[in-house]
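The values are calculated or read from the model by the stated rules, or taken from the named source; none is laboratory data. Quick caveat: nothing in here was measured; it's all calculated off a predicted structure. Positions of Cβ are generated from backbone atoms using ideal geometry, with glycine treated the same way; all protein chains shown enter the neighbour counts. Remember, those area values only see protein heavy atoms, side chains included, never the ligands or the DNA or RNA. Shrake-Rupley method; radii C 1.70, N 1.55, O 1.52, S 1.80 Å.
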Amino acid sequence: MESPEGISRQHTLPSVETCIHAQLRRLKVLQDHLSFKNAAWQEVHMSPCRAPASHSYTKVTKASAAVALIPDSAVITVAGFVGLGFPEYLVKAVRARYDSTQHPKDLHVVAVAACGDGKGRGLDELAVEGLISTATFGWAGLSPKLLKMIVAKKVNAWNLPLGVVSHIIRDTAAGRPGPVTPIGLGTFVDPCEQGGKLTSPDQADIVHLVQVGRKQLLWYEAPPKVHAALLRGTTADLDGNISFEKEALHLDSLNMAMAAHNSGGIVIVQVERIVERGSLPTRTAHIPGAIVDKIVLAPPENHWMHLGSGQYDGSLSGEVRAPSSAIASLPMNERKVIAHRAMLMIHRPHAIVNLGIGMPEGVATVCTTHGHHNPSAMPINLSTEAGSIGGVPTGGLRFGASHNAAAHMPCATMIDFYNGGGVDVACLGMAEVDEEGNVNVSYFPPRTPGCGGFIDISQTAKKVIFVGSFTSGGLQVHLEGSKLHIDQEGRSRKFRSKVQQKTFAASSANGRPIMYVTERAVFKLVEGKGLELVEVAPGVDVQEHVLDLMDFKPLMPHVKQMDPRCFSK
């Protein structure tokens with residue numbers, strides 16, 4: 001064994017002073033590294049980085065250059081939901097390129113819930129003859145130019161359940177042929193009815209009736225390829241990783257990106273800020289840079305949180321919580337009466353509830369302002385098919401998002417949960433109801449907004465409450481002395497002998513309670529027999545205000561008065 005002196009002669013040990021200096025240098029390097037990481041994260045939250053990339057290949061480019069990569073006759077997916085999460089800058093660039101070059105042309109647009117404001121923004125930017133030739137969508141109620149092209153047979157279009165379109169995109173990403181599901185049986189998307197075709201019965205069949213074991217199901221064909229995905233996020237790093245910290249929802253963005261990437265297509269994402277690589281914490285990156293091809297820095301005027309306002313609302317993204325006192329009560333009119341009566345039908349505490357677009361949106365407000373009228377069912381968990389659960393769902397161009405949501409998930413994942421029976425109570429709109437109990441919300445020419453998530457939800461929720469005014473188009477009422485007074489009837493009847501399009505098939509009830517709530521009457525579905533009138537509003541004459549305005553006579557074994565709390569403040 002060598003002596004200490006031997007070791008010392010062969011390997012000179014550093015002095016104490018040298019060790020201290022070396023350690024100080026290491027601490028300085030660590031301090032600089034941590035300072036850099038902190039500064040980079042501050043940059044993500046506070047200011048966009050407009051500096052060019054330091055490496056030879058950059059994903060950052062101009063919108064015009066990015067969309068120039070979209071070929072003619074491409075299948076493209078466009079992110080967005082009603083008015084939320086829309087890549088407006090990219091879509092405007094596609095339109096500008098077509099206007100100047102006539103390319104890309106003959107696009108097939110696949111949209112889950114087509115974004116729009118009803119005034120030309122949103123997917124209507126692409127509603128130009130020659131630019132678009134085909135459309136597959138779940139809902140397009142705020143894209144009137146596109147719908148006019150469909151009615152005029154200038155676009156071949158299919159309207160499919162929103163959740164089915166979401167799952168079609170996911171199946172394209174996974175290389176599967178498309179969803180096989182009971183969703184849609186008996187409705188207008190069933191090939192025994194219309195097969196979802198909007199333009200002509202001679203359109204290609206993309207919905208097929210199939211037998212799986214002893215069950216009849218529908219197979220919805222997924223497009224074999226998606227050539228381009230137009231998406232948006234909040235922040236991109238130079239590697240293309242995308243975070244959504246200021247977005248109201250995740251939507252189908254990740255599945256759209258995967259579908260385009262796995263098809264050999266192009267993934268383009270517009271963002272409001274770009275930061276150095278490595279700046280985004282792993283858990284904040286929703287779309288990995290490995291599947292993002294191009295990043296476009298969008299100007300603020302083309303990167304609104306929703307198409308209704310350029311103002312950012314942190315209570316929708318989950319950054320902050322809005323005080324419940326900020327939620328205004330509904331005015332005392334027929335909408336408040338209907339929402340109040342529907343809220344009282346929620347049967348148990350902690351129920352998971354879905355609210356549809358339009359009049360059902362008011363139920364969220366009434367739950368907040370009048371939930372004490374139904375203490376046995378409070379609290380509840382309000383959810384939307386777009387992917388929010390908890391909090392208070394919003395309406396209008398923000399439909400699909402929620403103030404103070406407990407969690408956000410991708411749309412396709414929420415639809416999985418819904419399809420499996422996860423919704424305890426669904427509150428959905430109704431435009432027409434027939435004597436069998438079928439409901440139409442998707443087709444009333446010249447308007448053809450589409451079914452949205454209505455079919456996915458109405459066929460699987462444990463309890464369904466359809467809501468709507470008794471007549472439409474000019475209805476005027478007032479409330480006085482806890483009674484309903486009808487000042488002027490609407491021009492159109494809603495209770496028809498036969499609906500124009502079957503969005504809800506009464507044959508799918510399968511023992512579930514199905515209710516129909518209006519401001520003056522409440523009905524329930526008696527399977528195999530039709531509608532039964534079960535309640536009327538105080539102050540209403542049953543014959544004059546109800547029966548005389550229906551194309552059929554409902555069952556009436558026992559009629560009681562609606563809850564008087566619905567007619568008072």
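Here are the numbers for the structure shown:
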{"read-out": "Segment 219-326: equivalent-ellipsoid semi-axes (sqrt of 5 x gyration tensor eigenvalues, Cα, Å)", "value": "26, 18, 13"}
{"read-out": "Calculated FRET efficiency for the pair Q203/D541, C-beta based, R₀ 41 Å, to 0.05", "value": "0.30"}
{"read-out": "Rh (Kirkwood; distinct C-alpha pairs) - segment 300-408, Å", "value": "14.3 Å"}
{"read-out": "With DNA, RNA and ligands ignored, accessible area of V499 (1.4 Å probe; Å², nearest 10)", "value": "10 Å²"}
{"read-out": "Rounded to 5, percent antiparallel among DSSP beta bridges of the chain", "value": "45 percent"}
{"read-out": "Extended-chain gain in nm, criterion 0.36 nm per residue less alpha-carbon gap, E221 and M332", "value": "35.3 nm"}
{"read-out": "Other-chain or far-sequence residues with amide H under 5 Å of Q270's (modelled H)", "value": "L231, R232, G233, V296"}
{"read-out": "Positive-end extreme of charge dipole, the chain - chosen from Q216, V271, G396 (charges on Cβ)", "value": "V271"}
{"read-out": "Per-residue [θ]222 nm for the chain (sum of -39500 (n - 2.57) over DSSP H runs n ≥ 4, rounded to 500)", "value": "-6500 deg cm²/dmol"}
{"read-out": "Gain on full stretching of the segment that runs from E245 to S73 - 0.36 nm per residue minus C-alpha separation", "value": "58.5 nm"}
{"read-out": "Alpha carbon centroid spacing (whole Å) that separates segment 484-520 from segment 314-350", "value": "23 Å"}
{"read-out": "About the Cα centre, charge dipole magnitude for segment 490-569 (Lys/Arg +1, Asp/Glu -1 at Cβ), debye", "value": "300 debye"}
{"read-out": "Projected-area average for the chain over all orientations - Cα convex hull basis, square nanometres", "value": "36.3 nm²"}
{"read-out": "Efficiency of FRET from Cβ geometry, E527 and S568, R₀ 35 Å, rounded to 0.05", "value": "0.50"}
{"read-out": "Size of charge dipole - the chain - debye, nearest 20, with Cβ of Lys, Arg +1 and Asp, Glu -1, no other charges", "value": "140 debye"}
{"read-out": "Spin-label zone in segment 190-205 - amide nitrogen under 13 Å from a point set 7 Å from the Cα of K153 along the C-beta vector", "value": "198-203"}
{"read-out": "Total charge dipole magnitude, segment 437-524, about the Cα centre, Cβ charges on Lys, Arg, Asp, Glu only, Debye to nearest 20", "value": "340 debye"}
{"read-out": "Among G186, W158, I168 the positive-end extreme of the charge dipole of segment 140-193 (Cβ point charges)", "value": "W158"}
